[in-house]
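Peer 1: Have a look at this one.
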Amino acid sequence: MLVLTRGEGQTIAIGDDITVEVIQFRGANVRLGVTAPREVSVLRGELKGTSVRGEDQFSWPMLDRAARRKGLPENLRLEFATEAEGMLDNLLEKYVQRYDNLKLAT
């Protein structure tokens, strides 16, 4: 493990495509900003290893947080996240089609 010391506003480069910036110190916490390509998954450590549809992590971490707040056990959180993700995908496709139709009309 490489250990580096950085101050606010300073960055760390990982390869050519990933940058981690120290945004702010808040007491014992550090706010970090991560710039990475869309195909690179960037997750908090506690979300790593949870899966939906066989992926390495939730595609929609907000769904897992919402389900956790309601006290759902993990098996139901996974089922909820999978179903909700499908619904969101369908809704997104509807809006993409609407946008495409608007572009054609102009």
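Peer 1: Restricting to region 7-23, what's the tally of residues that are closer than 11 Å to residue 36 by Cβ and touching a Leu at 6+ places or on another chain (Cβ under 8 Å)?
Peer 2: Residues in region 7-23 being closer than 11 Å to residue 36 by Cβ and touching a Leu at 6+ places or on another chain (Cβ under 8 Å): 1 in total.
Peer 1: Go over the candidates 47, 63 one by one and state the one that is modelled with pLDDT under 85, touching a helix residue (DSSP H, G or I) at 6+ places or on another chain (Cβ under 9 Å), surrounded by 12 or more Cβ atoms within 10 Å (Cβ to Cβ) and within 30 Å of residue 6 (Cα to Cα).
Peer 2: Answer to the selection: 47.
Peer 1: Same structure, new question: Can you spot a residue in region 82-94 that is surrounded by 12 or more Cβ atoms within 10 Å (Cβ to Cβ) and modelled with pLDDT of 85 or more?
Peer 2: The answer is no, given that none of the residues of region 82-94 is surrounded by 12 or more Cβ atoms within 10 Å (Cβ to Cβ) and modelled with pLDDT of 85 or more.
Peer 1: OK, next. Need pairs with beta-carbon distance below 6 Å; first residue within 14 Å of residue 61 (Cβ to Cβ) and within region 75-90, second among the small types (Gly, Ala, Ser) and in a helix (DSSP H, G or I); sequence gap 6+ or separate chains.
Peer 2: Between residues of region 75-90 that are within 14 Å of residue 61 (Cβ to Cβ) and residues that are among the small types (Gly, Ala, Ser) and in a helix (DSSP H, G or I), the close pairs are 77/67; 80/67.
Peer 1: Which one of the conditions (1) at pLDDT below 85; (2) in a helix (DSSP H, G or I); (3) charged (D, E, K, R); (4) out of contact with any Asp or Glu (no Cβ under 7 Å at 6 or more places or on another chain) does residue 53 fail to meet, given that it meets all the rest?
Peer 2: (2)
The values are calculated or read from the model by the stated rules, or taken from the named source; none is laboratory data. None of the values given here were measured: they were computed from a predicted structure. Cβ sites come from the backbone with ideal geometry, for glycine too, and all protein chains shown count toward neighbours.
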